[in-house]
Structures are given as C-alpha cells and as structure tokens.
C-alpha cells in the first residue's frame, strides 16, 4: 500500500463547478500536511497547508481528519486556470529527520 | 518570487557524457536539499536527500555512483549525472528546506531541469 494515496482522476468539470479531492495516508505519525499544485512541465508549487481545524484560502478549503487519516481539498467556483495536477503531501518525522511523501497526484481539467 | 533556482533549465547531451545540475536557495539557508526525478505523466520520485556538509542519503534503487550529489554550502547543492544514457532523460527537480520560520515547514522547489540524452 502506498503511504499517500490519491484518486488519479482525471476530473473533468465545467467552469464554475465545485470539485473535491481526497487523500489518505497510512502513517499515523505524520506531522504536517500540504496540497501542492503542479502545472504541466513545471515544478510543484505549494498551494496551502492543511490543519486539523480546517483552513480556507479564497476558493480553496482544506480539511484534515487525523482519526481517519484523511485529507481533502475543495475548490469552489472553479476557473480554467485551476486546471493542473494536485499533489497531496505528507510530512512525517521531526525537524531535519522529517521526510516528505508525495501522493501521485490528481489531475483536474476545467472545461469552458 | 522564486526562492530556489536551478541551472540549467534544460540540457541536451550525447550518451556517455556527464551533466551537472545546480540547485540554489535564494532567500534562505537550505540545511536540507532534495533531488527528485519525474518521468512524463508520473509522480515525483525522490532520488536522494542531502544535508549540508554530509553525504547524501539515496533512496532504494538509486545508484549513488551514477548520481553524484554535493551539498557543500547552505545555498548550493549539485547533482551530477555521470555517463548519462537515454534512459536518464527526465525532468530533474530539486527542493530545499531551511531550519527556521516558514522555510522549515515544507519544501520549496526549483523550476526543474529537463535532461535529454541522445
């Protein structure tokens, strides 16, 4: 079983739709969680951190459920520019010994 | 703005030659740098982790004699692909993590280097 699992998609939704991605992780000792976005032929870029209390940044909402070891990302009012691959990232361990594990990514395509 | 740079952004070389890729942290001291490889339509694969001043730790299946990593300063790490072959053609991405503030929480990625070996 992979340490971080994501639905690979692709998700193909119309502009303006709401779309949700899920991610599960296997190591209960994981410490911190992130969503990254990767555009085609580009490097991953940090989208947002994920906290147990949930956090929102504009149209993006991230949630963490430690008991279920589950992370989600919700995108509201999707734009064409949201088309990308979304990577679920889990940081396990502490400080310099910590290791970041990437999910394989979920592809999102927004159509006009 | 960018906090991690990579050079070169792309390189084409003949089979058998060696290629050096540089990764620099621009706004912070990178105590740890990571090297990834990504093949088309696949996820990032961690190759190795390097801490400044010490030997890199390679992931299983990555040949340390083929992929030489040097992290001699807190702002620079280099990856040298020795005797490159066509199967080494890939997108190589570095990332860096600092020891304080926001730079400690996660990794910041360089823009990547596309390597094509003919």
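The values are calculated or read from the model by the stated rules, or taken from the named source; none is laboratory data. The model shown is predicted, which means the values in this text are computed figures rather than measured ones. Heads up, the Cβs are rebuilt from the backbone with ideal geometry, glycines too, and the neighbour counts pull from every protein chain shown.
Condition test on residue A:75, is it more than 11 Å from chain B (Cβ to nearest Cβ), touching a helix residue (DSSP H, G or I) at 6+ places or on another chain (Cβ under 9 Å) and surrounded by 18 or more Cβ atoms within 10 Å (Cβ to Cβ)? Yes. Where residues in segment B:47-59 are within 27 Å of residue A:105 (Cβ to Cβ) and not in a strand (DSSP E or B), which of them is farthest from the other protein chains (Cβ to nearest Cβ)? This residue is B:56. Here the condition is being at pLDDT below 85 and closer than 27 Å to residue B:14 by Cα; of B:43, B:90, B:99, B:54, it holds for B:43 alone.
Of the strands (runs of 3 or more DSSP E) lying entirely inside segment B:65-118, the ones with 3 or more residues being away from chain A (no Cβ under 14 Å) and either on the phi < 0 side of the Ramachandran plot or more than 14 Å from the chain's Cα centre (by Cα) (or both) are found at B:67-73, B:76-81. The listed residues are A:15, A:5, and the only one of them that is more than 24 Å from residue B:37 (Cβ to Cβ) and either touching a strand residue (DSSP E or B) at 6+ places or on another chain (Cβ under 9 Å) or within 11 Å of chain B (Cβ to nearest Cβ) (or both) turns out to be A:15. The listed residues are A:32, A:49, A:78, A:68, and the only one of them that is modelled with pLDDT of 95 or more and at negative phi turns out to be A:78.
Quick check on residue B:16: is it at positive phi and without any contact (Cβ under 8 Å) to a residue 12 or more places away in the chain?
no
From the list B:62, B:3, exactly one residue is in contact with a strand residue (DSSP E or B) (Cβ under 8 Å, 6 or more places away or on another chain) and over 26 Å from residue A:35 (Cβ atoms). Which is it? From the options B:62, B:3, the qualifying one is B:62.
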